[in-house]
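This report refers to the structure that appears directly beneath it.
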Amino acid sequence: MSTEPSYVDDLYREHSRRVQATLIRLLGDFELAEEAMQDAFVAAVQQWPVNGKPDNPTAWLIRTGYHCGIDQIRQRSTARRRAHLLLPTDEALDLEPTTIEDDALRLLFTCCHPSLSMEARIALTLREMCGLTTEQVASALLMKPTTLAQRIVRAKRKIRDAHIPYAVPTQEELPERLPDVLQVIYLVFNEGYSRSTGVSVVDISLTQEAMRLGNELARLLPQGEVFGLMALMLLNDARRDARQDSEGELVTLDAQDRRLWRQEDIQVGIAWLEQALALTPAGYYTLQASIAAVHAQASHAEQTDWGRIVRLYDALCRRFPSPILALNRAVAIAMNGAPDTGLKLLDDIAHHPQLSRYHLFHAAKADLLRRQGQHEAARSAYQQALLLVTLDPEKRFLNRRLAELENPP
Amino acid sequence: MKYVALVYYQEQIINAMSEQAWHDLNQECVAGVERLSTNGHYLAGQALQPVETATTVRVRDDETLISDGPFAETKEQLAGFYLLEAHDLNEALQLASRIPPARLGSIEVRPVRELPPKAHKTVIGEQP
């Protein structure tokens with residue numbers, strides 16, 4: 001058996017996340033579990049080439065890591081606090097495959113616990129669930145590694161000291177707890193998606209990591225909304241090549257070259273959506289994915305079934321009222337042949353604090369006014385949007401639109 | 001595992017309540033404590049007099065300084081506390097969400113920190 005670095009890397013990539021998740025359960029402490037896992041891999045690299053690879057490598061690594069962790073505890077003066085951990089014998093370690101699978105879920109629900117700040121949830125999930133290093137997570141989130149490391153340490157301390165449970169929610173708790181996890185995965189996806197038009201500085205794709213997480217969650221917890229989220233991510237990601245032109249400038253949905261949309265991803269996304277819709281009632285992500293599917297299935301922007309999109313937004317706004325959804329619904333109504341109604345609806349919600357400072361609200365209003373030929377009003381709405389926008393590609397896009405109003409192409 | 005639930009609300013909301021509404025809220029709290037006790041979650045607790053009755057004490061350079069009012073002027077004022085027994089944070093949060101003033105203000109849930117055992121002073125020349 002080879003002890004080449006690549007062999008160690010492969011070993012690590014294949015087993016580390018599962019070993020870590022189970023060791024956290026057995027040792028009751030994130031940091032101790034991580035140290036113990038490192039010790040176990042060192043032992044594996046030394047012993048496997050000599051004694052041969054064990055039949056069940058994951059269980060071997062967990063058992064070895066567990067013993068290393070217990071030794072650590074014995075050596076520390078804080079042993080009293082974790083005295084309860086010294087009791088179980090080897091047989092008491094539950095290493096059934098289903099329990100080990102559930103450990104991944106326990107870890108995910110802990111990392112996404114609502115009592116942690118959203119920044120900490122995202123950082124912890126990427127670090128612990130995706131197996132990325134602190135440096136990789138920091139560069140993917142455009143943060144300093146030291147800042148990120150501090151945030152992770154603080155979160156782990158809270159998990160330990162406040163006793164955030166390391167448990168899969170019960171069936172009764174699940175409807176309330178699942179959205180916490182889905183939200184973190186979708187935020188990770190969007191963090192990557194919104195940046196894909198900018199200069200790419202990292203090789204970690206947050207969109208890919210989010211879809212990997214979603215895939216694993218769908219396997220472990222086959223719920224309609226998990227399928228819906230997978231569909232939503234795939235249908236959005238299918239458009240990634242069309243979202244910027246050759247100069248890297250933003251291209252809006254209606255102007256995208258739809259031949260660049262990845263049909264394969266769209267088909268897989270639609271398949272996820274059908275699975276989600278089979279498990280009624282359709283939830284938040286499933287309804288959003290249904291809207292994305294309408295766009296994905298129109299071969300030209302003019303063929304978009306806006307009537308269906310309006311009905312889907314109606315359902316969304318009824319069940320999950322929010323100013324952002326109200327904004328999208330108003331735009332859909334305008335696009336569905338009722339621009340005056342759409343603009344009127346926008347005016348009705350313009351004073352909502354979440355919208356008045358939101359650049360996309362003003363950009364959407366400007367776009368509707370432009371389509372209506374109300375150039376003066378459109379101009380002032382674009383200027384309002386420009387005051388609030390922060391991302392450079394969006395800023396350039398708004399400036400282009402403003403220039404087009406002055407000198408039509 | 002022990003948690004403290006600190007109950008905060010804006011006293012002006014309470015002051016604006018009708019006599020009947022205030023009475024009902026108190027009775028609801030009493031019933032809540034009874035329920036928590038039956039389930040073994042209630043260890044201790046107390047409602048507090050309004051913040052205008054608060055006095056703050058500090059000791060600096062051996063000097064005791066006393067001042068009128070609470071330690072911090074906040075939008076919501078501390079109105080009472082519960083000492084709860086819960087299996088983990090999820091259970092503590094669930095118990096806290098059923099404390100009636102959670103609907104009016106906020107409940108801050110904090111795990112308790114156990115102080116270390118008393119350190120034995122060894123005096124030279126004496127038997128421990």
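The values are calculated or read from the model by the stated rules, or taken from the named source; none is laboratory data. Treat the numbers as computed from the prediction; the structure is a model and nothing was measured. Heads up, the Cβs are rebuilt from the backbone with ideal geometry, glycines too, and the neighbour counts pull from every protein chain shown. Heads up: the accessible areas ignore ligands, DNA and RNA and are worked out on the full protein's heavy atoms, side chains in. Shrake-Rupley method; radii C 1.70, N 1.55, O 1.52, S 1.80 Å.
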#### Entry: Cβ-derived FRET efficiency at R0 22 Å, A:D94 paired with A:E172, nearest 0.05
0.40
### Compactness relative to 2.2 N^0.38 Å, alpha carbon Rg of region A:128-277
1.19
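Quick check for me: using +1 on Lys/Arg Cβ and -1 on Asp/Glu Cβ, what's the dipole size of the protein assembly as shown about its Cα centre, in debye to the nearest 20?
It comes to approximately 420 debye.
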### Task
Treating only the Cβ atoms of Lys and Arg (+1) and Asp and Glu (-1) as charged, compute the dipole magnitude of region B:2-111 about its Cα centre; round to the nearest 20 debye.
320 debye
### Task
Please report, to one decimal in angstroms, the Kirkwood hydrodynamic radius of region B:2-111 built from all distinct Cα-Cα pairs.
15.2 Å
### Summary
Checked against the positive end of the charge dipole of the protein assembly as shown (+1 on Cβ of Lys and Arg, -1 on Cβ of Asp and Glu, about the Cα centre), the farthest of A:A282, B:L25, A:L346 is A:L346
### Task
Can you pull the one-decimal nm distance between simple spin-label points at A:Q208 and B:R103, each 7 Å off the Cα toward Cβ?
5.2 nm
### Query
Average projected area of the Cα convex hull of region A:1-50, in nm²?
3.3 nm²
### Query
Ballpark to the nearest 100 Å², how much total accessible area do A and B bury together, probe 1.4 Å?
600 Å²
### Summary
Dividing the helical contributions, -39500 (n - 2.57) per DSSP H run of n ≥ 4, by the residues of chain A yields a 222 nm value, nearest 500 deg cm²/dmol, of -21500 deg cm²/dmol
### Task
Give the accessible surface of the protein assembly as shown per residue, rounded to a whole number of Å², with probe radius 1.4 Å and ligands, DNA and RNA excluded.
55 Å²
#### Entry: Spin-label proximity, A:R157 to region B:93-114 - amide N less than 17 Å from point 7 Å beyond Cα toward beta carbon
B:110-114
## Note on the structure
Under a 1.4 Å probe, counting only protein heavy atoms, A:Y7 has an accessible area in Å², nearest 10, of 40 Å²
### Message
Tell me which of A:H300, A:T252, A:L398 sits at the most positive position along the dipole axis of the protein assembly as shown, charges placed on C-beta atoms (Lys, Arg +1; Asp, Glu -1).
### Response
A:L398
### For region A:280-409, convex hull volume per residue from C-alpha positions, Å³
123 Å³
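Quick one: work out Rg over Rh on the C-alpha atoms of chain A, Rh as Kirkwood radius.
1.04
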### Task
Compare the peptides B:82-89, A:106-113 by average per-residue count of other Cβ atoms within 10 angstrom and give them in order, highest first.
A:106-113, B:82-89
### Query
Which listed residue (A:A242, A:T147, A:T58) has the Cα farthest towards the positive end of the charge dipole for chain A, taking +1 on Lys and Arg C-beta and -1 on Asp and Glu C-beta about the Cα centre?
A:T147
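Roughly speaking, what is the stretch gain from A:D348 to A:V45, that is 0.36 nm per residue apart minus the C-alpha to C-alpha distance, in nm to one decimal?
Full extension from A:D348 to A:V45 adds 102.5 nm.
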## Note on the structure
Cα-based Rg then Dmax for region A:146-196, in Å, read 14.4, 39
#### Entry: By average C-beta atoms within 10 angstrom, highest first, the peptides B:64-77, A:334-347
A:334-347, B:64-77
### Convex hull of region A:193-301 built on C-alpha atoms - directionally averaged projected area, nm²
7.0 nm²
### Query
So what's the angle, to the nearest 10 degrees on a 0 to 90 scale, between helix A:284-296 and the longest Cα principal axis of chain A?
50 degrees
### Message
Can you tell me the orientation of helix A:206-220 relative to chain A, as the angle in degrees between its alpha-carbon axis and the longest Cα principal axis, to the nearest 10?
### Response
60 degrees
